[in-house]
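Structure first, then comments.
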């Protein structure tokens, strides 16, 4: 690779040299392309194909058209999953933005010596292993010896069982854990946004008499729109791939009340061994993710990476 | 009150409120450590703190469990993934932003779709693929899929950094007789160092904590990584929360310590515009 690249020269493409001499430069793009083809594109095509086949008892597959999709969509669990995913996204995304944004604002604009300390501490849940976090929260929620119930009693909030054991409350209890873990990420994205705000604009606003609440709401919030859009996009994809917290804390129970796409796919594919409906579910999740993402990119101009500031 | 006194008061109140919020925010971690430090008699007390504390649980779990080997598995998978992601993504970003190869923009856009793919929809096909390759219970079976999933994000950030770099530098390198490889190595990489640091740290965190694929690919005890062992300990130490939470603390600790060490560089990369898209 090295020897071949030597002949080509760095700006070969810019100077439009003959294709034969620039072709070795494609070695720069080759590894990424290979990884993508083998581990992303091929698996996606495979799973899409597989979603049209059913496996009989003898282990042979036969073409079944949309049978897998009909089965999946007719499964009441699927609709519980859809409801849970909607709740998950609708609660998690705005709450994380709000708490993360408020923390970012006060940390960035009102602390100095302790700024690094606060930034780091609020981010720690993001870097704490999710499996550890899940088990700690199981303990927190536990009846009799968990601290949540013990301390909430004092403010008049009495529970008889663990909230994750209650079909009505389980999904909310899990959402709280998820919010707690990922708010630090929203905070950091907003910190990047606030730190990169052009100071001329802030000064101009201050001269015009905007300060405190008005400065925050009418100047800073609108200027952080790129970060907000990115967080929305990342939040939707993050919601669709929810798995460890649910798998480890409730396993989708009780009685499938807290099932999400991740746990549903896991059960169909690896516990029941029904790769047909597992594949159909995978395709559904994939299509939902692509449609929702493209919709946001087209209508909001959202970006796929966490955005700190507008491109100059 | 003078303006100075008022601003000082406001700063004090804001710090106070932040500390109170932080106190609540840190409760799960404090609780974890606190249970790990309890004697068996206090283990089931419904309290955040108990007294006295003991380090017996930590001594027990370190003595009884092969934590070193599990840690090593995590380290091998993570370091290899990070190295591949940084190398592959920076080469690709260089091809797009500096060499401007024909068709590279199309490739770039195609690779970007990876960022819209939820891992939940990839585990089944990846599991089958890895089984066909005979890569179940191997390091490579995790490293390459992780790398493929990680490259697009790194590539976006590195490309935007390279595009912001002064083009005259690359021109000068060419005039001085640098070939593409030398320009990449001696000009491009040093220029985007804050972005490389940012990408490295982020990829490290993501890979170290990945759960879903690891759960499916690693089934042999001696291959397991730190993120997937807590489940088995929760069964093993069901009647002994002190030991369970001691081992959980030990599992969580390496990455927390690492982050505290590198957070300054991480945030610096972030503020330098690593995430402007």
Check on residue B:141, surrounded by fewer than 22 Cβ atoms within 10 Å (Cβ to Cβ) and within 21 Å of residue B:221 (Cα to Cα)
no
Quick check on segment B:99-121: of everything there that is outside any helix (DSSP H, G or I) and either at pLDDT 90 or above or touching a helix residue (DSSP H, G or I) at 6+ places or on another chain (Cβ under 6 Å) (or both), which residue is surrounded by the most Cβ atoms within 10 Å (Cβ to Cβ)?
B:118
Checking the structure you have, find out if any residue of segment B:84-98 is farther than 21 Å from residue B:183 by Cβ, in contact with a helix residue (DSSP H, G or I) (Cβ under 6 Å, 6 or more places away or on another chain), more than 7 Å from every other protein chain (Cβ to nearest Cβ) and buried (at least 19 other Cβ atoms within 10 Å of the Cβ).
yes
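Could you check segment A:202-312 for helices (runs of 4 or more DSSP H) lying wholly inside it with 3 or more residues that are free of Cβ contacts under 8 Å to residues at least 12 places away in the same chain and farther than 24 Å from residue B:227 by Cα?
Values: elements: A:212-215, A:225-240, A:244-249, A:261-266, A:275-300.
Hits in segment A:202-312: A:212-215, A:275-300.
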Selected residue (criterion: surrounded by the fewest Cβ atoms within 10 Å (Cβ to Cβ)) from residues of segment A:98-126 that are over 14 Å from residue A:187 (Cα atoms) and within 8 Å of chain B (Cβ to nearest Cβ):
A:114
Being outside any helix (DSSP H, G or I) and either in the same structural domain as residue A:216 (by TED's automatic domain parsing) or at pLDDT 90 or above (or both), is that true of even one residue in segment A:83-98?
no
Single match in A:188, A:152 (criterion: in contact (Cβ under 8 Å) with a residue 60 or more places away in the chain and in a helix (DSSP H, G or I)):
A:188
Name every residue in segment B:175-187 that is in a helix (DSSP H, G or I) and surrounded by fewer than 20 Cβ atoms within 10 Å (Cβ to Cβ), in order of residue number.
B:175, B:182, B:185, B:186
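Looking only at segment A:250-264, filter to residues that are farther than 14 Å from residue A:87 by Cβ and within 11 Å of chain B (Cβ to nearest Cβ); which one of those is surrounded by the fewest Cβ atoms within 10 Å (Cβ to Cβ)? Break it down stepwise before answering.
First, pick out the residues of segment A:250-264 that are farther than 14 Å from residue A:87 by Cβ: A:250-256, A:262-264.
Retained after the next criterion (residues that are within 11 Å of chain B (Cβ to nearest Cβ)): A:251, A:262-264.
Details: A:251: 15, A:262: 27, A:263: 26, A:264: 27.
Going through the qualifying residues, I end up with A:251.
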How many residues does segment B:133-167 contain that are part of a helix (DSSP H, G or I) and either outside the structural domain of residue B:113 (by TED's automatic domain parsing) or farther than 20 Å from residue B:194 by Cα (or both)?
11
I'm trying to understand the selection: among the residues of segment A:99-132, which are closer than 16 Å to residue A:179 by Cβ and assigned to a helix (DSSP H, G or I)?
A:99, A:100, A:101, A:102, A:103, A:104, A:122, A:123, A:124, A:125, A:126, A:130
Can you spot a residue in segment B:227-240 that is touching a residue at least 40 places away in the same chain (Cβ under 8 Å), buried (at least 23 other Cβ atoms within 10 Å of the Cβ) and in a helix (DSSP H, G or I)?
no
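The values are calculated or read from the model by the stated rules, or taken from the named source; none is laboratory data. Just so it is clear, the model here is predicted, and its values are computed rather than measured. All Cβ positions, even for glycine, are placed from backbone atoms using ideal geometry, and neighbour counts span all protein chains on display.
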